[in-house]
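Below is one structure, written out as structure tokens, with a few remarks after it.
Just so it is clear, none of the values below were taken in a lab; they were calculated from the coordinates. Quick caveat, the model's predicted, so the values are computed rather than measured. As a convention, Cβ positions derive from the backbone with ideal geometry for all residues, glycine included, and neighbour counts pool all protein chains shown.
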Amino acid sequence: MSDNKFEENRRYNYETRVNYNGFPENMTTFNSLPVKVKVHKLFKRRVFILTWSNQGMSLGEWIKHLFSISKPEKSSSADFHVYNSIEFDIPTLRNIFPKLESIFIFFCYPEAVNEHEKLSAQIFLKAFLPYVQKLRLDRIRLGKHFSIGDFGMTNLKELVMCRPCNLRVEDLLTLNAGSITICETNVAEISLRDLNSFFKLWKKGSNPKLKELRIWWYTRTNSDWNILLKGLKADEAGEEELPPEEPLLIIVPVEGEAAQNADVVKKFIIRNSRKFAAEIKCYTRTSPFRNTAHVKFTVS
């Protein structure tokens, strides 16, 4: 395919990687002119990598162009690495990007997070949250300059937080998302007792918009689910095997004790003050490397 035959490819989804004199970090504004644009073209689950010449377009013009020729029926999404040094503001972002349905914001490693990253993330959120339905935050570090209040009250369909730092169970009570997923949570910050308190408050009427909560963490021991269920007046709802898309790996003894109930999911039903029922699924998944504990909460 030649560089100019863009219009023939409207059936595809595009993901771009931009080269600027061999050093992407030297591209400091959306007006910068990349030498080449490396495009990942997704078609029928296969990725084709193409390199297109500059053709006189700036970074911002390339972004607008690739969105314009991507599959029209697919929702628009974008990933942002806030530790990059490119300059931007809210009007510029809204002018270049379409109304995004989904955004993914990457922070640097928590110990290296700085004020620049937090302020950059705030700008991205202010630019797109009025339209965004799905928000994912990776290595998010909550604190003085970036708090749960920057996004928590938004009526999101889906919120995903990966490897969060300084996240407390009190923060979960302020979230307005219909679906919440917390990956690799710090069990020292949100423990089974904390989740127990969260579910007790849900029974009293908190988080009325919540339809699903998924949370998992690494563990060296078998989780005591009695701590999670204490005082919830939960009804046992049987057991089921692990989902087929998440196959159980080799069961390995943990610290001299054989892993138990690692091949089944335990199910319980609780009800809140408005007579809504919710199912709690909990299980431990074992692997040759690290075990993970999982809790899934679904409102029917």
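For this structure, a couple of remarks:
- Potential lengthening between residue 116 and residue 240 on full extension [0.36 nm per residue; Cα-Cα distance subtracted]: 40.0 nm
- Peptides 268-277, 178-187, ordered by how many other C-beta atoms sit within 10 Å of their residues on average, highest first, read 178-187, 268-277.
- If the segment from residue 176 to residue 194 were pulled out straight at 0.36 nm per residue, it would be longer than the present Cα-Cα gap by 4.6 nm.
- Once the chain from residue 46 to residue 67 is taken as fully extended at 0.36 nm per residue, the excess over their C-alpha distance is 5.6 nm.
- Given 36/118; 157/230; 134/281; 230/275; 38/126, the pairs whose alpha carbons are separated by over 22 Å: 36/118; 157/230; 134/281; 38/126
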